[in-house]
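Report on the structure given below.
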């Protein structure tokens, strides 16, 4: 049986009780906001997990929900390597973009990532 972290939504095997990332108690229930819902859209592609989690924290400070998913560039495997996509509610995309751009301007975030269009 698979367990899930209610904070970062990482999946764990049944023997694990707490998330290694944030020490939250794991649940048998899938995360409340699966990314296949139409209300969430891919918003930003970070080049590393730390940057992606930093973006989610910046958004959370302003009450904008965000989630991270790891992905691989399948068009050119090995070319860009791993990317970490940040998802936000579709109706918060504009405000999230402003918050991320301000963090980039303030040099809180690097300029290595890119906005997801579409």
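Residues that are in contact (Cβ under 8 Å) with a residue 24 or more places away in the chain and either assigned to a loop (DSSP other than H, G, I, E, B) or within 16 Å of residue 69 (Cβ to Cβ) (or both) within the range 11-30 comprise 28, 29, 30, listed in sequence order.
With respect to the stated conditions, residue 43 is at pLDDT below 90 and under 22 Å from residue 9 (Cβ atoms). Among the candidates 82, 67, the residue that is in the same structural domain as residue 103 (by TED's automatic domain parsing), at pLDDT below 85 and within 16 Å of the chain's Cα centre (by Cα) is uniquely 82.
The values are calculated or read from the model by the stated rules, or taken from the named source; none is laboratory data. Just so we're clear, the structure is a prediction, and the values are computed from it rather than from any experiment. Glycine also receives a Cβ, built like all others from the backbone with ideal geometry; neighbour counts cover every protein chain displayed.
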